[in-house]
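Peer 1: Take a look at this one; I'll ask things after.
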Amino acid sequence: WGIWGPCAQLAQSGDWNCVATGYAYGLDVGGQVVDKSWTRGLVIHPIATAAIFVAWLLSFSTHLTVTLIASLVSFLGATLTLIVFAIDIALYARVKARMNNIGGKTNAGPAFWMTLVVLVLATVSGCVVCFGRRRAISKNESYEVKTKKPFWHRFRRGH
């Protein structure tokens, strides 16, 4: 069950057969139906990817405001990825239950686990961009310590 269509492994040859059906597809396998409503949320995958890509581009800036925006966009991408992972879990559970009814077998593929890795990395990257830039800026700036002169020094001659 991919983003744009389902894939099935053929029993005889072991080859994979994928059907490109497009956004929000439904499928009937052996009388077990998975409706379009279960696959409609998969469209959030490319949206989360785009948000993380934008955050990655913004992270190269040295401007403080842009790095703050990069962190916020990264956290937005992480939140979207969390939603995506929840949708993946729900779809996997639904398909597994339907396939078990007809003696079929369902396994979570690599993309399922890559979504979890992306969730962790997007969260960590948001923190690294935010705290890493703040640390670099604070190390580069040197503060001049100004000692306040007493009040009567204002009236000294020649200065």
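The values are calculated or read from the model by the stated rules, or taken from the named source; none is laboratory data. Owing to the predicted nature of the structure, the values given are computational and were not obtained by experimental measurement. Heads up, the Cβs are rebuilt from the backbone with ideal geometry, glycines too, and the neighbour counts pull from every protein chain shown. Keep in mind that these areas ignore ligands, DNA and RNA; they rest on the heavy atoms of the full protein, side chains included. Shrake-Rupley method; radii C 1.70, N 1.55, O 1.52, S 1.80 Å.
Peer 1: Does any residue in region 103-123 that is assigned to a loop (DSSP other than H, G, I, E, B) come within less than 7 Å, Cβ to Cβ, of a residue that is open to solvent by 60 Å² or more (accessible area, probe 1.4 Å) six or more places away or on a different chain, and which pairs are these?
Peer 2: Thr106/Lys96; Ala108/Tyr92
Peer 1: Against the conditions (1) open to solvent by less than 60 Å² (accessible area, probe 1.4 Å); (2) of a type in the set (Val, Ile, Thr); (3) under 10 Å from the mean Cα position of the chain (by Cα), where does Val95 fall short? Just the number, please.
Peer 2: (3)
Peer 1: Does Leu68 satisfy the condition of being in a helix (DSSP H, G or I), open to solvent by 80 Å² or more (accessible area, probe 1.4 Å) and at pLDDT below 90?
Peer 2: yes
Peer 1: Let me ask something additional. Can you tell me which residue among Ser71, Ser37, Ser61 is among the polar types (S, T, N, Q), out of contact with any Ser or Thr (no Cβ under 7 Å at 6 or more places or on another chain) and within 30 Å of Gly126 (Cα to Cα)?
Peer 2: Ser71
Peer 1: Now for a separate question. Which of the residues spanning region 22-47 are in a helix (DSSP H, G or I) and either without any contact (Cβ under 8 Å) to a residue 40 or more places away in the chain or over 21 Å from the mean Cα position of the chain (by Cα) (or both)?
Peer 2: Lys36, Ser37, Arg40, Ile47, listed by residue number.
Peer 1: With the requirement that a residue be out of contact with any helix residue (DSSP H, G or I) (no Cβ under 7 Å at 6 or more places or on another chain) and not aliphatic (A, V, I, L, M), what does region 40-85 give you?
Peer 2: Arg40, Pro46, Thr49, Phe53, Trp56, Phe60, Thr62, His63, Thr65, Thr79
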